[in-house]
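K.L.:
Quick one: this structure, given as structure tokens, is what I'll be asking you about.
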Amino acid sequence: MAQVEATTERVVAADAEKVLDALADYRGTRRKLLPEQFSEYEVREGGDGEGTLVHWKLQATSKRVRDCLLEVSEPTDGELVEKDRNSSMVTTWRVTPAGEGRARVVVTSTWKGAGGIGGFFERTFAPKGLGRIYDAVLARLAAEVEK
């Protein structure tokens, strides 16, 4: 089983602190950022960054639905880490200043992929598909924080 990684980034016209606060607001803002590939969104514990437990289903393809139960931590300033209790997937959101009133948001998901030919296709296509999904999330984030 090989490690699979998908990374997407965007610079938004808002202060890094405001952007991180929006991402960490699982009870309010985060729900608004999720495109149609996400369903059954539910905050089960917490709701503001560290200590949050959130559930959703992610339909990455027409045949692949991932049932996610994510524990949120904030190991360092400007970083949110979502560890899925149901799989090996870990998604890390890093928000850093990118000039006056601007922030760079980098989202990286990693997981242990399948072996064999299925693993080859997963390593080849899954990062692109997840990248498109996170491009949509980051576009909605930009629209939300640039108001």
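K.L.:
Is segment 60-109 best put as rounded, prolate or oblate by its Cα gyration tensor, with a ≥ b ≥ c the root eigenvalues, rounded for a/c under 1.5, and otherwise prolate when a/b is larger than b/c, oblate when not? The partial results should precede the final answer.
P.N.:
Working: a/c = 4.35, a/b = 1.84, b/c = 2.37.
Judged from the Cα gyration tensor, segment 60-109 comes out oblate (a/c at least 1.5, b/c at or above a/b).
K.L.:
A further question on this structure: Of Y26, Y41, which has the most accessible area and how do the rest follow, probe 1.4 Å? Each step should come with its number before you reach the end.
P.N.:
Numbers: Y26 0, Y41 35 Å².
Heavy-atom accessible area, descending, gives Y41, Y26.
K.L.:
What figure in square angstrom, to the nearest 10, would you give for the accessible area of T76 with a 1.4 Å probe?
P.N.:
Probe radius 1.4 Å; accessible area of T76 about 80 Å².
K.L.:
Please give the contour-minus-distance gain from E79 to D48: 0.36 nm per residue of separation, less the Cα-Cα distance, rounded to one decimal in nm.
P.N.:
Details: separation 31, 0.36 × 31 = 11.16 nm, distance 1.32 nm.
Between E79 and D48, full extension yields 9.8 nm more.
K.L.:
Could you calculate the FRET efficiency of D15 with N86 from 1/(1 + (r/R0)^6), where r is the beta carbon distance between them and R0 is 35 Å, rounded to 0.05? Could the numbers behind the result be given before it?
P.N.:
Values: r = 34 Å, r/R0 = 0.97.
Rounded to the nearest 0.05, the efficiency is 0.55.
K.L.:
Per DSSP helix of 4 or more residues, -39500 (n - 2.57); summed, then divided by the residues of the chain. What does that give at 222 nm, rounded to the nearest 500? Display every interim value, and only then the final one.
P.N.:
Values: 3 runs with 44 residues, N = 147.
About -10000 deg cm²/dmol.
K.L.:
What is the P(r) of segment 1-80, as percent of Cα-Cα pairs per 10 Å bin from 0?
P.N.:
The distribution over segment 1-80 is 16, 43, 36, 5, given as percents.
K.L.:
Below 8 Å between Cα atoms, with a sequence gap of 6+, how large is the relative contact order for the chain in percent? Don't skip to the answer; put the middle values down first.
P.N.:
Working: 313 pairs, mean separation 48.8, N = 147.
Relative contact order here is 33 percent.
K.L.:
For a quick check of your reading of the filter: which GluC sites (Glu not before Pro) in segment 26-80 sit in a DSSP loop and have no more than 13 other Cβ atoms within 10 Å?
P.N.:
Details: sites: E36, E40, E42, E45, E50, E71, E79; in loops: E36, E50.
Counting only loop positions with at most 13 other Cβ atoms within 10 Å, the GluC sites (Glu not before Pro) in segment 26-80 are E36, E50.
K.L.:
Quick one: helix 116-145 against the long Cα principal axis of the chain, what's the angle to the nearest 10°, folded into 0 to 90?
P.N.:
20
K.L.:
Using 0.36 nm times the number of residues separating R66 and E36, minus their current alpha carbon distance, what extension gain do you get? Please list the in-between numbers first.
P.N.:
Details: separation 30, 0.36 × 30 = 10.80 nm, distance 1.38 nm.
Gain in length upon complete extension: 9.4 nm.
K.L.:
Oh, and also: Quick one: accessible surface of R31, probe radius 1.4 Å, all protein chains present, in square angstrom to the nearest 10.
P.N.:
About 120 Å², rounded to the nearest 10.
K.L.:
Oh, and also: What do you get for Rg/Rh over segment 1-40 if you use C-alpha atoms and the Kirkwood form of Rh? Walk me through the numbers before you get to the answer.
P.N.:
Details: Rg = 13.4 Å, Rh = 12.6 Å.
For segment 1-40, the value is 1.07.
The values are calculated or read from the model by the stated rules, or taken from the named source; none is laboratory data. Please read all numbers here as calculations on a predicted model, not as lab measurements. Glycine also receives a Cβ, built like all others from the backbone with ideal geometry; neighbour counts cover every protein chain displayed. Ligands, DNA and RNA are excluded from the accessible area calculation, which covers all protein heavy atoms including side chains. Shrake-Rupley method; radii C 1.70, N 1.55, O 1.52, S 1.80 Å.
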